[in-house]
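A short worksheet on the structure shown next.
The values are calculated or read from the model by the stated rules, or taken from the named source; none is laboratory data. Since this is a predicted model, take the numbers as computed values, not measurements. Cβ atoms come from the backbone with ideal geometry, glycine included; neighbour counts cover every protein chain shown.
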Number of protein chains: 2
Amino acid sequence: MSRKIAGLIGGGVIGGGWAARFLQAGWDVRVFDPDPQAERKIGEVLENARRSAPGLSDVALPEEGTLSFHATIAEAVAGADWIQESVPERLDLKLKVYAEVQAACDAGAVIGSSTSGFKPSELQDGAARPGQIVVAHPFNPVYLLPLVEVVGTEANDGELIARAQEMLRGTGMYPLHVRKEIDAHIADRLLEAVWRECLWLVTDGIATSEEIDDAIRFGFGLRWAQMGIFDTYRIAGGEAGMKYFMEQFGPALKWPWTKLMDVPEFTEELVELIAGQSDAQSGHMSIREMEQIRDDNLVAMIRALKDRNWGAGKLMNERDAAIMASDGTVRHAEQLGDAPGPIVTGRRAVPVDWLDYNGHMTEARYLHAFADATTRLMEIVGCDQDYIAQKGSFFTAETHIRHLGEALLGQRIEIRTQVLLGEGKKLHLWHEMFEGERLLATGEHFLVHVDMATRKPAPFGEQIAGHIARIAASHAGLLRPEGAGRAIGAPR
Amino acid sequence: MSRKIAGLIGGGVIGGGWAARFLQAGWDVRVFDPDPQAERKIGEVLENARRSAPGLSDVALPEEGTLSFHATIAEAVAGADWIQESVPERLDLKLKVYAEVQAACDAGAVIGSSTSGFKPSELQDGAARPGQIVVAHPFNPVYLLPLVEVVGTEANDGELIARAQEMLRGTGMYPLHVRKEIDAHIADRLLEAVWRECLWLVTDGIATSEEIDDAIRFGFGLRWAQMGIFDTYRIAGGEAGMKYFMEQFGPALKWPWTKLMDVPEFTEELVELIAGQSDAQSGHMSIREMEQIRDDNLVAMIRALKDRNWGAGKLMNERDAAIMASDGTVRHAEQLGDAPGPIVTGRRAVPVDWLDYNGHMTEARYLHAFADATTRLMEIVGCDQDYIAQKGSFFTAETHIRHLGEALLGQRIEIRTQVLLGEGKKLHLWHEMFEGERLLATGEHFLVHVDMATRKPAPFGEQIAGHIARIAASHAGLLRPEGAGRAIGAPR
């Protein structure tokens, strides 16, 4: 099967993003850009894209197409299925590019423009084949964000628009067909409205850039990432619905809540129009359902940011640390006393992102909880972030989990840990997971201490060896757990 | 230790959200609301909060405080550390409430108002102790979104503002102290600017509510959830920085990109002011670092939405399905042929959210990949979502993982699966994980088929039994894997 071909005119951050989109969808990509730095610049974008974008999929992406650079527009676009123009925002330049492109490209190819501000009728003006040119406006980073605004005019027939959308969908994008052309399309109008208001807030000394960013990313930004503005307000209206929300907040349109006071007239017709569209969009769900979907989305996204220790997730990590500092959680071996018994190495609720299609905690999250418990035990014996950065860490070599009971959303679980062996470079752990006094699972784990420079097995550092030895000695006096050392399917 | 006490005046969606915030931080909450439905309404919000909010933490939250309802404002606020007013947006009503509150509350308590639009000076006007009253404006859902805007006047001394922020932080919130009072504070000005622009887009027939929501949640909404607007534009400026970005897009302020044309004058001073603030905010990171942080955040958030099958995540799931439909991935037993060997049950890249502090794929994600492989095998033998909904599923009883090699970011892994036993209600699987031909891990799994009505073991349904038997019979001819049936630490 021959590969599809994309001809890209202009290779900056946006052109490079398009190159990544097409290459990672298995297209061949041919670039024309007179900038002598173009190859380096596209290479940098591609490096970012290769690092991040394949991870969006839970399947293997098709093999990347080939990337080539060309000395002329004609060479780059000959035989291409899709041509994307991403040159600077100067209309005369863009029109000149289209003339050269159309002299060399297939009449059936789509010519998309990355323009933020020009309307397609302006781009088509004077073209040999106006019907071939559309706006295809993407968002940075192009290789990750799915949105692309597709805007045409009456000169574009429906078949071309449909074909353009189909090709864009094939690259993993979401082609939003804009009904009427308008300056700045849709998304940039909203961005520009916010940007203008932000400039006022800074100019008037109300807030700094950082405070405004915090106001966005700790609040409505999280809502918008998953539902946008209308569905969010639909929920705010409660069971009374969108009409109620609009009537409640309609009067605010007359208040000086923005610097920007040229507002639409708040008529019954406007309310009906929007309430009707909102019903069409989400009327199949109750507000209660929407609230739970929203909440689950927010928890999952904030938890994703916790792993990155960023934004709202960083805040939550700081909160967890504050709770642990005040609730008696053991963090250091010194807190254990002289002859410690099994050590509590985790206490938490089962979050929504730990469930599976069977409605209970999914098996991998049992191991996640046990691995967190192992991390806590490491911290307790002194193998903390400083130790790991300077010296060594533990790698798990083997794990044996037995699932004895189900855990459901929100249930509080606790992990208790017994050290079966801790000497030289070996650490053999036994975790038990409880909900109340109900045993949910056991985890037997064999870990090896490694030198982080060589990533090879190495004896415990002396900072941690003493603590491990003391706990292991004390735990040697405990009963050996019933399931320790068992193989799968072995008789009891 | 005696618990802190919150007195809440008004218990709708916002008041209920505050109740959840305080209760889940271990405060006692006393509510006054004349609405006879208040208890039910707060109960519904609390139910949502209890379902979702504890999952935000990776530690156990403190025990919830107690919730009580009171017949008078005086009773609800007596002895309270924090009083929160969330009554309808009518100034006369709010002032009447403060008079009653101040007649009964401690002089040292903080009185916060949930007002969206009123300025604190308006709320303090005529109060017995104006210095006790501040705006504390939260965002719905209050129990999940951290942002709360704290706005005071010169009547509030710094100690009170600091104490207010400290208490709010204790509930897991992010108190943003707004420097100057202004109508609608900060976030609602941005929301209102977008809302007004959205009303124009709908009124003018450019887009429907759903199209606008899609333009937000498939594009800039994802950016804003983690970085806000200024840091996003800082990155867009590239290494040339914020000043370059502003100069590039400054002229657009004069273009008709919004209906809202009352823009700040674009002076050198404005550019310097914003570029300086942006440097202070993020100048410690290179643009390259910021790009990678942004990309990792986006991938992690979109992957979180994939698990919820929502928004940008739903798109990515659809894309995965399209790739699998075209790349020869086996989905049904019929595709296997008569005497299948080990079955490829997964192929994917290692995504950023699967790494740990040791810089490699974390142990729980090995099990995640094996569990996905098990799910694929179930699908292949006919235990798909329809079967699970109608009849039965498989629960994993035991797992034994051996880690033989490290997997790094972006590496492509493949899982191959051998059925060791499949009869009655038992399924015994052997997964091997490869990167190229390098064996990274083995997973031995013992699963039990269950009746989803009783959640007890039950024989395979006949739709799947035949497929399992045929694969098991064919795999009986394969070599038994070296590690199968071994216990941890057992000699080879």
**Study point:** Extreme residue, surrounded by the most Cβ atoms within 10 Å (Cβ to Cβ), among residues of region A:42-57 that are without any contact (Cβ under 8 Å) to a residue 60 or more places away in the chain and among the aliphatic types (A, V, I, L, M)
**Key:** A:Ile42
Exercise for review: Please work out if A:Glu89 is of a type outside the set (Phe, Trp, Tyr), in contact (Cβ under 8 Å) with a residue 40 or more places away in the chain, within 14 Å of chain B (Cβ to nearest Cβ) and outside any helix (DSSP H, G or I).
Suggested key: no
Check your understanding: So which of A:Ala369, A:Ala373, A:Ala364 ends up being within 8 Å of another protein chain (Cβ to nearest Cβ) and buried (at least 17 other Cβ atoms within 10 Å of the Cβ)?
Key -> A:Ala364
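Evaluate the following for A:Leu427: is it among the aliphatic types (A, V, I, L, M), surrounded by fewer than 17 Cβ atoms within 10 Å (Cβ to Cβ) and modelled with pLDDT of 95 or more?
No, not satisfied.
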Practice item. Would you be able to say whether some residue in region A:96-104 is of a type in the set (Asp, Glu) and not in a strand (DSSP E or B)? Key: yes
Check your understanding: How many of the residues in region A:17-41 are in a helix (DSSP H, G or I) and either over 21 Å from B:Thr232 (Cβ atoms) or in contact (Cβ under 8 Å) with a residue 60 or more places away in the chain (or both)?
Key -> 11
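Checking the conditions here, which among A:Glu398, A:Glu406, A:Glu444, A:Glu414 is at the interface with another protein chain (Cβ under 10 Å from one of its Cβ atoms), surrounded by fewer than 20 Cβ atoms within 10 Å (Cβ to Cβ) and in contact with a Phe, Trp or Tyr (Cβ under 7 Å, 6 or more places away or on another chain)? Lay out the reasoning, then the answer.
Numbers: A:Glu398 fails: surrounded by fewer than 20 Cβ atoms within 10 Å (Cβ to Cβ); A:Glu406 fails: in contact with a Phe, Trp or Tyr (Cβ under 7 Å, 6 or more places away or on another chain); A:Glu444 fails: surrounded by fewer than 20 Cβ atoms within 10 Å (Cβ to Cβ).
Sole residue among the options that is at the interface with another protein chain (Cβ under 10 Å from one of its Cβ atoms), surrounded by fewer than 20 Cβ atoms within 10 Å (Cβ to Cβ) and in contact with a Phe, Trp or Tyr (Cβ under 7 Å, 6 or more places away or on another chain): A:Glu414.
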Exercise for review: Output yes when any residue across region B:96-105 is surrounded by fewer than 22 Cβ atoms within 10 Å (Cβ to Cβ) and of a type in the set (S, T, N, Q), and no when none is.
Suggested key: yes
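Conditions (1) within 13 Å of chain A (Cβ to nearest Cβ); (2) within 25 Å of the chain's Cα centre (by Cα); (3) in contact (Cβ under 8 Å) with a residue 12 or more places away in the chain, marked per residue:
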position	(1), (2), (3)
B:Pro141	yes, yes, yes
B:Leu145	yes, yes, no
B:Glu154	no, no, no
B:Val178	yes, no, yes
Review point. From the list B:Ala312, B:Ala349, B:Ala322, B:Ala304, which one is outside the structural domain of B:Ile413 (by TED's automatic domain parsing), farther than 18 Å from A:Gln226 by Cα and either of a type in the set (A, V, I, L, M, F, W, C) or modelled with pLDDT under 90 (or both)?
Key: B:Ala322
Exercise for review: Among residues belonging to region B:202-213 that are of a type outside the set (Ser, Thr, Tyr) and surrounded by 24 or more Cβ atoms within 10 Å (Cβ to Cβ), point out the one that is farthest from the chain's Cα centre (by Cα).
Suggested key: B:Ala207
Review point. For region B:342-354, does any single residue satisfy the condition of being outside any helix (DSSP H, G or I), under 30 Å from the mean Cα position of the chain (by Cα), more than 7 Å from every other protein chain (Cβ to nearest Cβ) and within 13 Å of B:Trp430 (Cα to Cα)?
Key: yes
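This table checks each residue for (1) within 7 Å of chain A (Cβ to nearest Cβ); (2) over 22 Å from the mean Cα position of the chain (by Cα); (3) assigned to a helix (DSSP H, G or I).
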| residue | (1), (2), (3) |
| --- | --- |
| B:Gln165 | no, yes, yes |
| B:Asp188 | yes, no, yes |
| B:Trp200 | yes, yes, yes |
| B:Ala215 | yes, no, yes |
| B:Gly221 | yes, no, yes |
